[in-house]
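Only one structure is covered here, and it is reproduced in the block below.
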């Protein structure tokens, strides 16, 4: 029995390593074919990406981008663990960042008071916006996919209406930019000066804390166990005494609260105001990163770093004469390869498990027959 357990553990380890390796190999092969189809040299492209992506300034850029992408991935992953497809993260983080910027611009308190207030405002706004979809889901059975799509559009409309001079925005001194009132310098989040490489956003510390909290709550608490149980089987969770509706609503609120943090690195470390050029689409990027990371906090971090690396290096490829659309192609190929590779490995592992069970049953039946013959 001990040898069987060791063999099973060894196979699980091999399969766990095989899935990402298969995905990487497949992504490289497909990307190579795509670059060849454009008439370019894939070897030179990969070499340029590696050289440029490992430069010190690129490393700082990638970490800053990964901070935002990681928060987006965790926000989406919380819904995924509940079998909820929260594609409203994009609207949740944008409306949260907008109202947080409005509050921050109006505050005159010291930074140690204003910064937590801005962050809490963003989290509360994101949680309330996501709660709408959660309430509709548990009270009226409205699909969270439909409700969050609509809420994304509503959030965009609300921001567009309020982001006007005379409402909650003002025309900046240049006369070409409309934004919320800039945050006072006391409300800037700390940055780490890396010299010539640039400044590393201090909000990366908050992202790490969020990742640890995500791992601990989902993996080490009763709430996390109930949440995962509902995601796997609502009927089994209900039979064990878990309130399915309460868990669905709660998970949407938590997902929205984390979504509210997505815009904070940009607001507190970079732009210090909300304008028409505030980053969009990060919520949808979070879906891809959560898929890449398999909803695991470490996997999501690696996916966020990879996404930042690809964004940095493929944008540079455009200056080297490569087609600018290659970034979207590479990103899509990687996501597809990861999803397909993990599914293939999962099916292979399931088939191996069935074969082992069948072999054990056959061995037990043979042993029983032999005992009966001896008797």
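The numbers here are math on the coordinates, done by the rules we state, and not lab data. No experiment lies behind these values; they were computed from the predicted model shown. Virtual Cβ from ideal backbone geometry, glycine too; neighbours counted across all protein chains shown.
The angle separating the long axis of helix 326-374 from the principal Cα axis of greatest extent in the chain is about 20 degrees. Note on residue 120 and residue 343: the model spin-label points, each 7 Å out from Cα along the C-beta direction, lie 4.5 nm apart.
Here the simple spin-label model places points 7 Å from the Cα toward Cβ, and for residue 156 and residue 46 these points are separated by 3.8 nm. Between the beta carbons of residue 366 and residue 233, assuming R0 = 45 Å, the FRET efficiency works out to 0.80 to the nearest 0.05.
With neighbour counts taken as other beta-carbon atoms within 10 Å, the residues 179, 235, 187 rank, fewest first, as 235, 179, 187. From the alpha carbon centroid of the stretch 103-125 to that of the stretch 218-233 is 32 Å.
Computed over the chain, relative contact order equals 31 percent, with contacts defined as Cα pairs under 8 Å that lie 6+ residues apart. Given their separation in residues at 0.36 nm each and the Cα-Cα distance between them, residue 353 and residue 320 gain 6.9 nm when the chain is fully extended. Quick one: helix 89-106 against the long Cα principal axis of the chain, what's the angle to the nearest 10°, folded into 0 to 90? Relative to the chain, helix 89-106 is tipped by roughly 30 degrees. Among the listed values (i) 107, 57, 36; (ii) 98, 57, 35; (iii) 87, 44, 44, the one matching Cα extents along the principal axes in Å as calculated from this structure is (ii). Oblate is the label for the stretch 152-273, because a/c, from the alpha-carbon gyration tensor with a ≥ b ≥ c as root eigenvalues, is 1.5 or above and a/b does not exceed b/c.
Running Debye on the stretch 176-232 with equal point scatterers at the Cα sites and no solvent, what base-10 log of I(q)/I(0) appears at q = 0.16, 0.22, 0.24, 0.28 Å⁻¹? Per q value, in the given order, log10 I(q)/I(0) is -0.74, -0.90, -0.97, -1.07.
In plain terms, the residue of 30, 230 with the fewest other Cβ atoms within 10 Å comes first and the most crowded comes last, giving 30, 230.
Applying 1/(1 + (r/R0)^6) with r as the Cβ-Cβ distance of residue 149 and residue 186 and R0 = 45 angstrom yields a FRET efficiency of 0.70. Taking other Cβ atoms within 10 Å as a rough exposure proxy, 80, 46 sort from fewest to most as 46, 80. Does the stretch 247-320 come out rounded, prolate or oblate by the C-alpha gyration tensor, with a ≥ b ≥ c the root eigenvalues, rounded set by a/c under 1.5 and, if not, prolate when a/b is larger than b/c and oblate if not? Because a/c hits 1.5 or more and a/b fails to exceed b/c, the stretch 247-320 counts as oblate.
Going by alpha carbons, how many degrees (0 to 90, nearest 10) lie between the helix axis of 111-140 and the longest principal axis of the chain? Long axis of 111-140 versus the principal axis of the chain: about 50 degrees.
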